[in-house]
Amino acid sequence: MSLTAKLKDEFFGGWTKFEALWLCFFLTIQLVIFAIQPDGWIATIAAITGILCVVFVGKGKISNYLFGLISVSLYAYTSYTFGLYGEMQLNLLVYVPVQFIGFYLWRKHMTNKNTVNSDGVEEVIAKALNFKQWLIVIAVVLVGTYSYIKLLTRLNSAFPELDGVTVVVSIVAQVLMMLRYREQWALWIIVNALTIALWIGMYAKTGDTSLPLLVMYIMYFCNSIYGYYNWTQLVKRHQND
């Protein structure tokens, strides 16, 4: 298969009508917000590429890491301008390098020509946590959250508690994503709900917020629910292969 054909399959292959409409709806909303608030173009680009990233993750497409690299870099800058230092550190120091690590790990565990999905499109081979692994995840989240909140308090972060929980759960979810575990989506649901509260809290406290990024996380929340459903199907399919 030629490179052009592979790229065509990667970006345009395997989508259901619902998923295509879902993605187009999300992107249209961001463009409407940009028309209303044109001065927030950096946040808008971060939001659009972020939406593309999470939707592509939900489909198990490795190209999510390209969109993710652009989004997290711009989001780190925007978080810094709002004084959300935990969010800034998370995106700049964790999410940026993770895009390269995640791409490498996923590339080694993609379906091959004998195990592609029913549409003939490559997708990542998904796994599920067992009970013991869940206990480890919970312990890491609790210890990490307590420690990071203490650090953010010393740095005078705008919302150390909420910021701290969000960052630690995000890191654990990102690790699960790189390792191809379905349960990343359960954590992303929590992360997205907390981040929505974070940006709303910023608005309540200062009267200022980034509308494109707030809407982006509302879209992330909706997508994380669908992502859990779709990865459950991936796990079932790959266990039967």
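The values are calculated or read from the model by the stated rules, or taken from the named source; none is laboratory data. Just so it is clear, the structure is predicted and the values come from calculations on it, not from any experiment. When we count neighbours, we look across all protein chains shown, and the Cβ atoms used for this are built from the backbone with ideal geometry, even at glycine. For accessibility, only protein heavy atoms count, side chains too; no ligands or nucleic acids. Shrake-Rupley method; radii C 1.70, N 1.55, O 1.52, S 1.80 Å.
Only one residue of VAL124, LEU74, CYS24 has its Cα farthest out toward the positive end of the dipole of the chain, where Lys and Arg carry +1 and Asp and Glu -1 on Cβ, and that residue is VAL124.
Using only Cα atoms, what Kirkwood radius does segment 49-104 have, in angstroms?
It works out to 11.2 Å.
Take every pair of alpha-carbon atoms less than 8 Å apart whose residues are at least six positions apart; their mean separation over the length of the chain yields a relative contact order of 23 percent.
Take MET219, MET88 and sort them by solvent-accessible surface of the protein heavy atoms, 1.4 Å probe, largest at the top. Intermediate values should be presented prior to the final figure.
Values: MET219 10, MET88 40 Å².
The ranking, largest first, comes out as MET88, MET219.
What the Cβ-Cβ distance of ASN156 and LEU3 gives, at R0 = 51 Å and to the nearest 0.05, is a FRET efficiency of 0.55. Ordered by 1.4 Å accessible area with all protein chains kept, ILE138, ILE125 run largest first as ILE138, ILE125.
Taking every protein chain into account, the accessible area of the chain amounts to 50 square angstrom per residue (probe 1.4 Å). The value of relative contact order for segment 110-238, using C-alpha pairs under 8 Å at least six residues apart, is 24 percent.
Roughly speaking, to the nearest percent, how much of segment 1-68's 1.4 Å accessible area is carbon and sulfur? The computed percentage sits at 78.
Grab the other residues whose beta carbon is less than 15 angstrom from that of LEU176, score K and R as +1, D and E as -1, and report the net. Mind dumping the intermediate values first?
Values: positive: LYS127, LYS132, ARG180, ARG182; negative: GLU183.
Result for the local shell: +3.
Residues LEU27, LEU21 ordered from highest to lowest accessible area at a 1.4 Å probe: LEU21, LEU27.
Can you give the Rg to Rh ratio of segment 82-217, both from alpha-carbon atoms, with Rh computed by the Kirkwood formula? Please list the in-between numbers first.
Details: Rg = 17.1 Å, Rh = 16.5 Å.
Checking Rg against Rh, the ratio lands at 1.04.
With only the Cα atoms considered, segment 34-78 has a convex hull volume of 57 Å³ per residue.
Neighbours of ASN230 by Cβ distance under 12 Å: Lys/Arg scored +1, Asp/Glu scored -1, total +3.
Once the Cα atoms of helix 3-12 and of the chain are each reduced to a long axis, what angle between those two axes, in degrees from 0 to 90 to the nearest 10, is obtained? Its long axis makes an angle of about 60 degrees. Here's the list of lysines a cross-link from LYS205 could span, going by alpha-carbon distance under 28 Å and ignoring same-chain residues fewer than 8 apart: LYS150. Placing +1 on the Cβ of every Lys and Arg and -1 on the Cβ of every Asp and Glu, with nothing else charged, gives segment 1-122 a dipole about its Cα centre of roughly 380 debye. Computed on segment 1-119, the Cα convex hull volume stands at 115 Å³ per residue.
Using +1 on the beta carbon of Lys and Arg, -1 on that of Asp and Glu, and nothing else charged, what's the dipole of the chain about the Cα centre, debye to 20? Intermediate results must be reported in sequence, preceding the final value.
Details: 17 positive and 13 negative charges, 133 e Å.
Dipole of the chain, to the nearest 20 debye: 640 debye.
Using bins of 5 Å that start at zero, the share of Cα-Cα pairs per bin across the chain amounts to 1, 6, 13, 19, 19, 17, 12, 7, 4, 2, 0, 0, in whole %. Between CYS24 and GLN133, the modelled labels are 3.7 nm apart [label points 7 Å from Cα along Cα→Cβ].
Once the Cα atoms of helix 131-154 and of the chain are each reduced to a long axis, what angle between those two axes, in degrees from 0 to 90 to the nearest 10, is obtained? Taking the Cα atoms of the chain, the angle to 131-154 is about 30 degrees.
What FRET efficiency, computed as 1/(1 + (r/R0)^6) with R0 = 22 Å and r the Cβ-Cβ distance, is obtained for ALA197 and ILE36, rounded to the nearest 0.05? Walk me through the intermediate numbers first.
Numbers: r = 23 Å, r/R0 = 1.05.
Efficiency computed from Cβ-Cβ geometry: 0.45.
Rounded to the nearest 10 degrees, the inclination of helix 41-58 to the longest alpha-carbon principal axis of the chain is 40 degrees.
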